[in-house]
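The values are calculated or read from the model by the stated rules, or taken from the named source; none is laboratory data. As the structure is a computational prediction, the values presented were derived from the model and not from experiment. All Cβ positions, glycine included, derive from the backbone under ideal geometry; neighbour counts span all protein chains shown.
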Amino acid sequence: MKPFIAGTAALLLSIVFYSFLHDFNLNRQALEELKVVCEEASAAGSLFIDNEEYAEGKIVFNQIESVKAIEAVIIASLELDSNMDPSVATYWQKKITYKAYFIDDRATDYPYLYIDSDTGYTTLIKAPTVVVTINGGKGRYALPLLKNGSDNIRSGAHTWEDR
């Protein structure tokens with residue numbers, strides 16, 4: 001009877017461990033995807049500048065058009081609907097939120113130390129930059145003890161260089 005109990009306990013322990021590893025790997029992959037989407041969204045947002053300011057030698061982002069581009073990249077890349085709610089096929093469970101920060105020639109003295117309050121993402125900005133922070137919410141965990149973890153938040157930046 002002892003070998004049966006020990007074998008059953010070992011089987012249950014290995015199932016819990018495998019489930020944890022599976023959840024951990026899925027979350028790590030989703031965080032990496034979130035990082036890439038942040039970088040792509042910030043690059044898309046940095047494409048839209050005010051042409052009148054650019055004619056005077058300043059780079060000032062057209063924030064209205066930049067936000068539209070950022071949202072379009074996030075929606076397409078993370079497979080969301082127009083309200084930023086995830087589809088059934090994605091990893092994400094709740095509405096995705098994001099913040100876009102525009103550091104440009106309008107009122108910034110370079111170099112500028114940027115610290116994101118949500119993630120602690122820190123970068124020294126030496127030129128006009130768009131920073132995008134995406135909050136994907138909680139991970140999709142099977143084990144109940146992991147469901148109360150922190151939100152999946154990533155940031156990425158794109159800088160205008162070589163003016």
Which members of the stretch 34-66 meet the condition of being charged (D, E, K, R) and closer than 21 Å to Ala76 by Cβ?
Lys35, Glu39, Glu40, Glu65
Odd one out for Ser87, checked against (1) polar (S, T, N, Q); (2) closer than 30 Å to Leu21 by Cβ; (3) surrounded by 14 or more Cβ atoms within 10 Å (Cβ to Cβ)
(3)
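Could you say whether any residue in the stretch 93-105 is closer than 24 Å to Asp50 by Cα and part of a loop (DSSP other than H, G, I, E, B)?
Here is the first cut: in the stretch 93-105, the ones closer than 24 Å to Asp50 by Cα are 98-105.
Checking which are part of a loop (DSSP other than H, G, I, E, B) leaves us with 104-105.
Within the stretch 93-105, one or more residues are closer than 24 Å to Asp50 by Cα and part of a loop (DSSP other than H, G, I, E, B).
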If a residue has to be touching a Pro at 6+ places or on another chain (Cβ under 6 Å) and either surrounded by fewer than 13 Cβ atoms within 10 Å (Cβ to Cβ) or free of Cβ contacts under 8 Å to residues at least 12 places away in the same chain (or both) to count, how many in the stretch 45-61 make the cut?
0
Looking only at the stretch 115-146, count how many residues are over 17 Å from Ala30 (Cβ atoms) and among the aromatic types (Phe, Trp, Tyr).
1
Could you please let me know if Val36 is in a helix (DSSP H, G or I), loosely packed, with under 15 Cβ neighbours inside 10 Å and modelled with pLDDT of 90 or more?
yes
Within the stretch 17-33, restricting to residues that are closer than 17 Å to Arg154 by Cα and among the aliphatic types (A, V, I, L, M), the one that is surrounded by the most Cβ atoms within 10 Å (Cβ to Cβ) is Ala30
Which ones in the stretch 50-73 are aliphatic (A, V, I, L, M), over 10 Å from Phe102 (Cβ atoms) and either modelled with pLDDT of 90 or more or not in a helix (DSSP H, G or I) (or both)?
Ile59, Ile64, Ala69, Ile70, Ala72, Val73
Return the pairs, sorted by first residue and then second, in which the second residue is among the polar types (S, T, N, Q) and in a helix (DSSP H, G or I), the first residue lies in the stretch 62-88 and is at positive phi and without any contact (Cβ under 8 Å) to a residue 24 or more places away in the chain, the beta carbons are less than 6 Å apart, and the residues are 6+ apart or on different chains.
none
Among the residues of the stretch 139-152, which ones are within 13 Å of the chain's Cα centre (by Cα) and either modelled with pLDDT of 90 or more or surrounded by fewer than 17 Cβ atoms within 10 Å (Cβ to Cβ) (or both)?
Asp151
